[in-house]
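Structure first, then comments.
The values are calculated or read from the model by the stated rules, or taken from the named source; none is laboratory data. Please read all numbers here as calculations on a predicted model, not as lab measurements. Glycine also receives a Cβ, built like all others from the backbone with ideal geometry; neighbour counts cover every protein chain displayed. Remember, those area values only see protein heavy atoms, side chains included, never the ligands or the DNA or RNA. Shrake-Rupley method; radii C 1.70, N 1.55, O 1.52, S 1.80 Å.
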Amino acid sequence: MASRLKKNYQWFLAVVALLFAVTLGVNLYILFSTRNFVFSQIADLPQREFALVLGTEPLRPDGSINLHFINRTDLAAKMYSSGTVPTLLIRGTKNNRGFNEPLEMEKRILAENIPEAAIELDFGGTRTWESARRAKEKYHLRQVIVVTDSFHAPHAIFLCRHFSIDAIAVCPARDPLSLWSVR
C-alpha cells in the first residue's frame, strides 16, 4: 500500500512539474515573440489609424488612484495630440466594481482637450481576448497601437496577432512596478 501511495505521489509531482514547465514555456514564448513590438516612447511609434486603449478602473479597491488608469489615458491623449493616431478606441466593461471603464477613461481624455469625435467607445471589453476579437470582427482593424502597461503588453499583442491584427504596444515610461513584469 505504501509503495502504491509513493508511486501515485511521484506521478502527481511529475504532472505538476510538466504543467509548470508548459505554462512557463508558453509565457516565455509570448514574452520573447512580442518584445520587439513594445515601445515606451511615442516618438518611436509609426502612425496608425487606431489606438486600442484597454480599459481599467480609475480607483483601486482600497480607494486610491489607479496609476494604470492615469497612465493609459494620459498616453492615449498624448498619442492623439502628437498625430500618431486619429482615433482612440477605448475598450472596457460597463461595470468593473461599479465603474464604467470606457466612460471614465473618455472623461479623462476629453479633459485633455481631445475632441469627442476622435473617441470611439466599446463596452464589450471584459477580457483582453474579447477586446482583440472585437477589434478585428466588429471594427475590422488591421493595424493598431495597443495602449496598456508593460506587464500586459505581450499578452495583448499576442492576442491581437492571433486575430490577424498587426499590433504594437506603447506603455508608459513611468509604468508602476508590477510583480508580473519580466524584462
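Couple of notes before you dig in:
- All C-alpha to C-alpha distances of the chain, sorted into 5 Å bins beginning at zero, yield P(r) values of 1, 8, 16, 19, 19, 13, 8, 4, 3, 3, 3, 2, 1, 0, 0 percent in whole numbers.
- Count Lys and Arg as plus one, Asp and Glu as minus one, and take only other residues whose Cβ is under 9 Å from that of ASN66; the net charge is then 0.
- Surrounding net charge for LEU13, when Lys and Arg each add one and Asp and Glu each subtract one, Cβ distance under 14 Å: +2
- Over the chain, dividing the summed -39,500 (n - 2.57) contributions of all DSSP H runs of at least 4 residues by the number of residues returns a 222 nm mean residue ellipticity of -14500 deg cm²/dmol.
- Region 80-137: relative contact order as a whole-number percent, Cα under 8 Å and 6+ apart: 38 percent
- Under 28 Å of direct C-alpha separation, and excluding same-chain neighbours fewer than eight residues apart, LYS136 reaches these lysines: LYS78, LYS94, LYS107.
- By definition, a body whose alpha carbon gyration tensor gives a ≥ b ≥ c is oblate when a/c is 1.5 or more and a/b is not larger than b/c, and region 1-72 fits this oblate description.
- Value of relative contact order over the chain, rounded to a whole percent, pairs C-alpha under 8 Å and six or more apart: 26 percent
- Value of relative contact order over region 113-175, rounded to a whole percent, pairs C-alpha under 8 Å and six or more apart: 32 percent
- Chain lengthening between ARG97 and ASP166 when straightened (0.36 nm per residue, less Cα-Cα): 21.6 nm
- Annotation note: GluC sites (Glu not before Pro) in region 21-115 located in DSSP loop regions with a Cβ neighbour count of at most 15 within 10 Å are GLU49, GLU112.
- The orientation-averaged projection of the convex hull spanning the C-alpha atoms of region 57-145 amounts to 5.7 square nanometres.
- Note on the chain: antiparallel DSSP beta bridges, both residues inside, total approximately 15 percent of the bridges counted.
- On the chain, 58 percent of the accessible area sits on carbon and sulfur atoms, based on a 1.4 Å probe.
- Near ASP166: Cβ cut-off under 10 Å, other residues only, Lys/Arg at +1 and Asp/Glu at -1. The net charge is +3.
- Placed amide H near GLN143: partners under 5 Å, 5+ positions off or other chain: ASP166
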